[in-house]
There are 2 protein chains.
Amino acid sequence: MISFDFSVPTKVLFGAGKLESLRREKMPGKFALVVISNGKTVKERGYLDRVLAALKTQGIDYLIWDAISANPGKDEVMAAAQYARDNFCDFVIGVGGASVIDSAKAVALMARNPGDLWDYVVTGSGKGLPVRNPALPIIAVITTAGTGSETDQWMVIDHRELNEIIGFGVPTTFPTLSVVDPELTVSVPPFLTAVQGFDAFCHAAEGFISKAATPISEAFSLQILRLVSKFLPRAVQNGGDLEARTNIALAGMLSGLVQTTSSTTSLHSIAHGLTAYHPDLPHGAALTILSAAYFDFFAPYVPDRFIKMAHILGASTDNMDEAQKPFEFVKAMKILQENCGIADLKMSDYGITRDEMEKMARNAHKTMSNLFAMDRYTLSLKETVSILEKSFR
Amino acid sequence: MISFDFSVPTKVLFGAGKLESLRREKMPGKFALVVISNGKTVKERGYLDRVLAALKTQGIDYLIWDAISANPGKDEVMAAAQYARDNFCDFVIGVGGASVIDSAKAVALMARNPGDLWDYVVTGSGKGLPVRNPALPIIAVITTAGTGSETDQWMVIDHRELNEIIGFGVPTTFPTLSVVDPELTVSVPPFLTAVQGFDAFCHAAEGFISKAATPISEAFSLQILRLVSKFLPRAVQNGGDLEARTNIALAGMLSGLVQTTSSTTSLHSIAHGLTAYHPDLPHGAALTILSAAYFDFFAPYVPDRFIKMAHILGASTDNMDEAQKPFEFVKAMKILQENCGIADLKMSDYGITRDEMEKMARNAHKTMSNLFAMDRYTLSLKETVSILEKSFR
């Protein structure tokens with residue numbers, strides 16, 4: 001019987017031009033740490049200046065931390081948290097892609113808690129200690145679309161020395177306010193647009209076949225699949241297509257809501273197993289590379305749900321053998337990947353070799369065991385290796 | 001282009017047996033006013049005792065206010081608010097149907113604000129003054145299914161002397177926590193089950209054709225229509241069918257989320273115009289009586305959305321004249337009403353006479369003008385009278 005808890009603590013301002021509304025929103029503090037990446041985009045395109053102007057309008061002071069890398073490491077966020085604490089910042093604003101928003105969450109949490117982030121992380125070699133204090137309030141201004149960090153509590157942080165990339169979060173690491181302004185995403189280049197959009201696709205599909213699925217997450221999942229299949233090829237082909245960007249930004253925001261009302265599955269664990277050893281491989285690209293073998297494996301275990309997803313992607317299963325129907329989802333997904341120019345991604349292009357498969361499978365099981373528990377069939381290590389091997393090219 | 005703000009400040013515990021979880025939830029205060037109706041159900045069936053036991057477990061003190069009527073009047077909620085203030089209650093728990101939850105919101109608001117509720121009401125003869133202080137925190141334990149008061153900020157209160165029934169709310173009148181336990185709804189008799197479920201149906205359909213519709217509300221609306229059309233006849237026919245009750249409770253909870261992410265339209269205004277003069281007419285029955293004429297009128301103005309809703313209700317529009325297609329929604333709705341035993345409701349059964357149509361239309365326009373502004377075509381008074389006359393039997 002249906003049973004779930006529903007809580008979405010984040011207020012979202014969604015729409016082209018919405019960044020301007022930030023100046024009219026009540027800020028959760030008086031002194032912000034503004035966290036951005038070590039790249040150029042948010043500075044050169046004026047996104048940072050517009051956020052700072054909104055703060056100035058309201059008389060809010062701020063400091064800037066501009067050293068977050070694409071795969072944010074634990075040491076980076078611990079250093080930023082120390083800086084926030086030493087300067088008595090009372091809230092954190094992340095302006096950037098999902099890595100920056102994830103980092104802002106980690107900074108907000110560790111600015112208010114003793115010790116190390118890995119003292120609290122609950123999987124891998126994390127000590128799983130109870131978090132003592134709530135995180136500082138967090139505002140997210142997202143400039144990419146797909147991962148959904150703007151509407152969930154999760155942060156994916158990289159412990160480089162241990163090769164552990166772990167998703168972690170607590171109820172107070174939900175952003176209190178998120179700005180999802182699709183105009184900010186027009187600068188994302190085609191390849192990243194495609195693989196980040198495919199992250200939303202995987203959140204939708206994993207959340208739909210997950211044990212944790214709820215009637216609310218299911219509505220979000222199906223809408224994401226509709227939006228991504230219709231608009232991601234357009235956003236990839238023409239980055240200036242604001243209608244496509246808007247609908248993919250919506251899919252991204254819903255992708256976080258799926259996380260909040262359901263959960264991803266072991267596909268995300270395995271993808272983190274890859275990037276733990278090869279941080280140059282973007283998260284969405286890892287998901288894309290693994291997706292066909294992964295969903296092929298699970299299709300027979302949750303046939304009804306795969307068939308429903310296949311139909312949403314426009315596939316017909318009329319006059320088809322019952323056992324074949326669920327696999328139509330995978331076929332339709334591959335066509336979508338072709339239309340987005342990401343059907344031919346290879347592990348070997350990122351320096352991954354065939355002899356790493358078992359190591360990466362072990363890493364996935366060890367560091368993100370919690371997501372394997374969300375699958376409706378429990379993958380063995382051997383089966384995980386087999387999915388990786390089938391995905392290797 | 002899509003643009004909206006999204007905020008759902010209510011945490012929901014959903015599922016059969018969930019009332020037991022209340023004892024493990026953090027309470028928002030130390031001294032509760034527990035608001036219940038003047039009827040017997042919540043006492044006789046033990047719902048009240050179970051809520052009080054949860055409070056006692058946590059060492060929370062409480063007082064009980066057990067005098068809320070089925071159409072809660074302004075004077076009732078003002079008296080309860082005075083009682084809460086005089087006794088220094090610091091939060092309010094409503095245990096009952098939507099009228100009780102609405103009343104709990106009004107009590108929580110007026111316990112913390114000077115003057116009269118109608119000083120703040122923004123339509124009708126309300127003065128529209130700014131609300132000075134946030135409401136006391138509100139917990140909702142809902143025992144009916146359909147209106148969605150458990151997941152929105154709205155309270156519908158009756159100003160008897162002025163014949164004004166007005167929906168009103170502010171951001172702090174969202175419940176902080178709601179328990180939606182379908183087991184509590186098995187005691188609702190068949191007729192009320194049907195008309196309350198039809199309230200959810202109308203929230204869904206109105207929210208879908210409303211100017212305020214958002215991509216998120218649309219997903220909720222379509223899911224409600226699916227759930228109500230599949231499960232409401234079963235819940236009406238066999239009140240002990242817990243699967244049907246669960247799905248209708250879900251539709252009810254989503255019905256509030258549609259309110260929160262979209263808005264009803266003038267159908268709700270007109271229905272309140274009826275009940276303002278005939279408080280014995282249940283709200284859902286008023287909606288049911290008006291629904292066919294109302295949706296018949298609007299079908300040509302929003303044809304695509306009516307066709308989509310028709311399909312969700314299982315209607316086929318293949319090989320049909322384009323102009324006819326939107327009306328299939330109304331036909332399918334009438335069949336659903338028949339299957340729920342509410343197709344033959346008559347205004348005259350509630351003492352309404354034909355010469356009241358203009359008075360009620362004027363009341364609707366005056367007291368709830370805000371919802372007429374949500375329609376995609378603006379109804380004149382004459383057209384409103386015509387919808388009422390067509391609905392009269």
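Any read-out appearing in this document is the output of simple, stated calculations on the displayed coordinates, not a laboratory observation. Note that the coordinates shown come from a computational prediction; the quantities given were computed from them, not determined experimentally. Using ideal geometry, Cβ is built from the backbone for each residue, glycine included, and neighbour counts are taken over all protein chains shown.
Of all the listed residues (A:Thr214, A:Thr264, A:Thr260), the sole one being under 13 Å from the mean Cα position of the chain (by Cα) and within 12 Å of chain B (Cβ to nearest Cβ) is A:Thr260. If the condition is being among the hydroxyl-bearing types (Ser, Thr, Tyr) and closer than 23 Å to B:Gln82 by Cβ, then segment B:33-65 contributes B:Ser37, B:Tyr62.
The set of residues in segment A:220-239 being over 11 Å from A:Gly197 (Cα atoms), away from chain B (no Cβ under 14 Å) and in contact (Cβ under 8 Å) with a residue 24 or more places away in the chain consists of A:Gln237, A:Gly239. Picking from residues in segment A:196-211 that are within 14 Å of chain B (Cβ to nearest Cβ) and hydrophobic (A, V, I, L, M, F, W, C), the one that is farthest from A:Phe295 (Cα to Cα) is A:Ala200.
Here B:Gly59 meets the list (1) surrounded by fewer than 15 Cβ atoms within 10 Å (Cβ to Cβ); (2) of a type outside the set (D, E, K, R); (3) under 26 Å from A:Ser3 (Cα atoms) almost entirely, failing just condition (3).
Taken over segment B:254-289, the criterion of being among the aliphatic types (A, V, I, L, M) and over 30 Å from A:Pro9 (Cβ atoms) is satisfied by B:Leu267, B:Ile270, B:Ala271, B:Leu274, B:Ala276, B:Leu281, B:Ala285, B:Ala286, B:Leu287, B:Ile289.
When A:Met253 is tested against (1) surrounded by fewer than 24 Cβ atoms within 10 Å (Cβ to Cβ); (2) within 14 Å of chain B (Cβ to nearest Cβ), just one condition goes unmet, and that condition is (1).
So for segment A:130-142 (the condition being closer than 24 Å to A:Ala204 by Cα, outside any strand (DSSP E or B) and within 15 Å of the chain's Cα centre (by Cα)), does at least one residue qualify? No, there is no match, as no residue in segment A:130-142 is closer than 24 Å to A:Ala204 by Cα, outside any strand (DSSP E or B) and within 15 Å of the chain's Cα centre (by Cα).
When B:Tyr47 is tested against the conditions (1) touching a residue at least 60 places away in the same chain (Cβ under 8 Å); (2) of a type in the set (Phe, Trp, Tyr); (3) over 28 Å from B:His203 (Cα atoms), the lone failure is (3). If you go through segment A:102-123 and keep only what is farther than 20 Å from A:Arg160 by Cβ and buried (at least 22 other Cβ atoms within 10 Å of the Cβ), you end up with A:Ala108, A:Ala111.
Got at least one residue in segment B:365-376 being closer than 16 Å to B:Ile289 by Cβ and more than 21 Å from the chain's Cα centre (by Cα)? So far as segment B:365-376 goes, no, none of its residues is closer than 16 Å to B:Ile289 by Cβ and more than 21 Å from the chain's Cα centre (by Cα). Within segment A:79-89, is even one residue touching a residue at least 60 places away in the same chain (Cβ under 8 Å), within 23 Å of A:Ile166 (Cα to Cα), away from chain B (no Cβ under 14 Å) and in contact with a helix residue (DSSP H, G or I) (Cβ under 9 Å, 6 or more places away or on another chain)? No: zero hits. When B:Glu218, B:Glu206, B:Glu183, B:Glu161 are checked against the criterion of being part of a helix (DSSP H, G or I), surrounded by 24 or more Cβ atoms within 10 Å (Cβ to Cβ) and among the acidic types (Asp, Glu), a single residue qualifies: B:Glu206. State whether the residues of segment B:309-321 include one that is free of Cβ contacts under 8 Å to residues at least 24 places away in the same chain, more than 22 Å from the chain's Cα centre (by Cα) and part of a helix (DSSP H, G or I). Looking for residues that are free of Cβ contacts under 8 Å to residues at least 24 places away in the same chain, more than 22 Å from the chain's Cα centre (by Cα) and part of a helix (DSSP H, G or I), one finds at least one in segment B:309-321, hence yes. Taken over segment B:344-364, the residue count meeting the criterion of being in a helix (DSSP H, G or I) and surrounded by fewer than 20 Cβ atoms within 10 Å (Cβ to Cβ) is 9.
Of everything in segment B:124-149 that is small (Gly, Ala, Ser) and under 30 Å from B:Pro182 (Cβ atoms), the residue that is surrounded by the fewest Cβ atoms within 10 Å (Cβ to Cβ) is B:Ala135. Entry remark, segment B:323-334: residues being part of a helix (DSSP H, G or I) and surrounded by fewer than 16 Cβ atoms within 10 Å (Cβ to Cβ) number 2 in total.
Scan segment A:6-41 for residues that are surrounded by fewer than 15 Cβ atoms within 10 Å (Cβ to Cβ), at negative phi and either of a type in the set (Phe, Trp, Tyr) or within 14 Å of chain B (Cβ to nearest Cβ) (or both) and jot them down. Result: A:Glu20, A:Arg24, A:Lys26.
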